[in-house]
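The values are calculated or read from the model by the stated rules, or taken from the named source; none is laboratory data. On a predicted model such as this, the values are computed, not experimentally measured, just so you know. Here the Cβ positions follow ideal geometry from the backbone for every residue, glycine too, while neighbour counts run over all protein chains shown.
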Amino acid sequence: MDVVDRIERARIKAFYKLLVDRLGPDVWAERKADYVKRIREKESSFDIRLPIESQLFIPADDDIDWYILASYLAHDFPYSDSAYSSRRVYTYAMAIGAVAHLLRVVPNVEAVLDKMLANNNQPEKQLFELLTAAFYLKNGYEVSFIPENSITWPDGKKRSPDLLVKMGEEELYVECKRADKQTKYSRTEEEAWTNIWTQLSRHMLKAAPWCTVDLTFHDQVADVSTGEVIKLVDLAIKARGEKVRAGSVSGQIRAIDKKSLKRHYLKFSVRPNSPQHELLVFGDVDSNEKRSIATIGARVIRPGSNNDFLNMFVKDVGCCVGAQWCCEHDKSLSLRSKHFKGLVNDGVTQIPPDRPGVVHVWYETRDGVEIEELRRDKNIDNISNYDASETTVLGVFVHAVNYYPFEDTYEWAETVQDFARVPDLAVLFPFQTLMLASGPAEAVEGTTHWAQDKAAKVPQ
């Protein structure tokens with residue numbers, strides 16, 4: 001293990017220990033056993049004749065037990081993993097774990113940890129509060145969490161921001177607002193796609209083996225029948241790579257590089273639902289695209305010992321197909337690119353009127369470049385015009401983040417957009433401007449990570 005890996009491991013384990021020490025080792029042992037039991041039950045009925053992907057246990061992003069378990073497994077149990085999900089967890093774990101020793105003594109941190117560990121499947125708010133506290137600690141502030149509804153306002157009502165931070169004689173209230181990882185519309189749209197893919201993948205395995213299809217929905221996905229999509233695929237097969245349209249769907253078929261894929265499997269086994277698998281099927285790994293794969297394994301193995309789990313690997317492929325899809329319907333574009341004026345207002349109303357404060361809004365850019373371009377325009381229009389004249393809020397910082405799992409590594413990106421009523425408000429952060437940074441991190445001025453992603457896809 002090289003120096004970078006050792007530092008990464010130490011930070012992830014510090015995050016793990018922070019949570020388990022508060023939860024209690026015995027309680028965690030029980031919860032871990034229950035979680036592993038769920039994994040084994042899901043995968044115990046595996047049928048090699050059916051697509052592997054739909055039979056895998058996929059950890060829920062909003063389960064605090066997965067955050068703890070993934071941090072426990074990191075670096076020490078290479079066979080037990082869920083690559084897309086764990087790389088996201090590592091990013092948070094390292095950023096918080098880097099200052100876990102300082103967080104332990106932050107006043108009132110116990111209440112935040114207890115609420116997050118209550119296993120109510122909604123840990124993201126408290127996780128963001130911990131991340132924000134870690135961010136201010138890294139920038140040299142004294143930090144304390146504020147108990148809920150502990151401040152009486154002039155109107156007699158009790159409210160409270162999340163943090164009070166101090167540097168010298170200066171004090172600042174901080175409110176943390178975590179947006180949902182996806183809008184309700186995005187989740188509904190993906191559910192509609194999953195229903196289509198269940199039948200479409202079966203059809204493609206027979207009619208278009210060793211192919212991927214690139215689909216564009218011109219109507220809302222929920223309003224398009226599976227039969228219509230299958231009809232489009234059949235037309236695309238006959239068109240031999242040319243783009244075709246059937247009703248409200250257009251697309252084209254591409255052949256998988258079967259020779260290269262098979263050559264890889266002669267030397268290596270591959271974890272399904274992983275960046276390596278995506279690379280072999282699509283020829284690249286792209287976190288901005290929505291992709292699905294269906295693989296029939298000729299041989300599946302479970303390396304490691306009986307103590308390993310999430311350890312299913314494909315040793316040889318019988319057949320596989322894939323799909324990349326997007327929706328360009330106006331309603332889809334509009335509802336997925338939700339702005340955050342409402343969250344900003346909720347945050348501002350938590351800042352008491354007698355001292356300065358800032359609001360941090362956090363969200364994940366899961367819906368691709370086009371959606372983030374639309375969302376940025378909406379945020380600029382709506383947040384810039386927000387009337388904060390009757391408050392003492394200095395400004396709002398909107399943190400947009402994305403995660404990039406690759407074949408052998410992973411990266412993250414964070415774009416910070418500030419809406420301030422005073423110039424150069426970012427001077428509040430003298431040492432670090434990116435919340436996800438666990439150490440020195442390069443900050444690129446004058447652009448967004450989705451603009452960089454878009455530019456990287458343009459042929460040179």
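Below are the figures for this structure:
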quantity: Residue, nearest to THR349 (Cα to Cα), within segment 364-397, restricted to residues that are touching a Pro at 6+ places or on another chain (Cβ under 9 Å), surrounded by fewer than 22 Cβ atoms within 10 Å (Cβ to Cβ) and not hydroxyl-bearing (Ser, Thr, Tyr); calculated: GLU390
quantity: Some residue of segment 445-453 being touching a Leu at 6+ places or on another chain (Cβ under 9 Å) and surrounded by 20 or more Cβ atoms within 10 Å (Cβ to Cβ); calculated: no
quantity: Any hit, segment 349-361, residues being outside any helix (DSSP H, G or I) and either within 26 Å of LEU200 (Cα to Cα) or not assigned by TED's automatic domain parsing to the domain that holds LEU50 (or both); calculated: no
quantity: Subset of segment 435-444 that is free of Cβ contacts under 8 Å to residues at least 24 places away in the same chain and of a type outside the set (Asp, Glu) - its residue that is surrounded by the fewest Cβ atoms within 10 Å (Cβ to Cβ); calculated: PRO440
quantity: Leading residue by the ranking (nearest to PHE340 (Cα to Cα)) among those in segment 199-220 that are surrounded by 15 or more Cβ atoms within 10 Å (Cβ to Cβ) and small (Gly, Ala, Ser); calculated: SER201
quantity: Test: residue in segment 405-425 that is small (Gly, Ala, Ser) and either free of Cβ contacts under 8 Å to residues at least 24 places away in the same chain or within 29 Å of TYR141 (Cβ to Cβ) (or both); calculated: yes
quantity: Residue that is surrounded by the fewest Cβ atoms within 10 Å (Cβ to Cβ), among those in segment 408-425 that are aliphatic (A, V, I, L, M) and within 25 Å of the chain's Cα centre (by Cα); calculated: VAL416
quantity: VAL99 β-branched (Val, Ile, Thr), in contact with a strand residue (DSSP E or B) (Cβ under 9 Å, 6 or more places away or on another chain) and not assigned by TED's automatic domain parsing to the domain that holds SER287; calculated: no
quantity: Counted residues, segment 232-260 - those being surrounded by 13 or more Cβ atoms within 10 Å (Cβ to Cβ) and either within 12 Å of LEU215 (Cα to Cα) or within 30 Å of the chain's Cα centre (by Cα) (or both); calculated: 15
quantity: Which listed residue is within 20 Å of ILE383 (Cβ to Cβ) and under 26 Å from the mean Cα position of the chain (by Cα), from PHE313, PHE340; calculated: PHE340
quantity: From THR216, THR183, THR188, THR194, residue being at pLDDT below 95, closer than 25 Å to GLU364 by Cβ and not small (Gly, Ala, Ser); calculated: THR183
quantity: Residue that is surrounded by the fewest Cβ atoms within 10 Å (Cβ to Cβ), among those in segment 112-154 that are among the small types (Gly, Ala, Ser) and modelled with pLDDT of 95 or more; calculated: GLY140
quantity: Single match in VAL321, VAL270 (criterion: buried (at least 16 other Cβ atoms within 10 Å of the Cβ) and under 30 Å from ALA222 (Cα atoms)); calculated: VAL321
quantity: Filter result for the condition that a residue is over 29 Å from VAL36 (Cα atoms), in contact (Cβ under 8 Å) with a residue 60 or more places away in the chain and part of a loop (DSSP other than H, G, I, E, B), over LYS331, LYS338; calculated: LYS338
quantity: Residues (touching a residue at least 40 places away in the same chain (Cβ under 8 Å), more than 21 Å from HIS101 (Cβ to Cβ) and of a type in the set (Asp, Glu)) located in segment 1-58; calculated: GLU43, GLU53
quantity: Considering residues of segment 155-176 that are free of Cβ contacts under 8 Å to residues at least 24 places away in the same chain and surrounded by fewer than 20 Cβ atoms within 10 Å (Cβ to Cβ) only, the residue farthest from ILE351 (Cα to Cα); calculated: GLY168
quantity: Single condition GLU190 does not satisfy, out of (1) within 29 Å of LEU436 (Cβ to Cβ); (2) of a type outside the set (Ser, Thr, Tyr); (3) outside the structural domain of GLY395 (by TED's automatic domain parsing); (4) in contact with an Asp or Glu (Cβ under 8 Å, 6 or more places away or on another chain); calculated: (4)
quantity: Filter pass, ALA426 being under 15 Å from VAL174 (Cβ atoms) and in a helix (DSSP H, G or I); calculated: yes
quantity: Residues of segment 99-111 classified as crowded, with 20+ Cβ neighbours inside 10 Å and small (Gly, Ala, Ser), total; calculated: 1
quantity: Hits in segment 183-198 - residues which are out of contact with any strand residue (DSSP E or B) (no Cβ under 8 Å at 6 or more places or on another chain) and surrounded by 14 or more Cβ atoms within 10 Å (Cβ to Cβ); calculated: THR183, TYR185, SER186, THR188, ALA192, ILE196, THR198
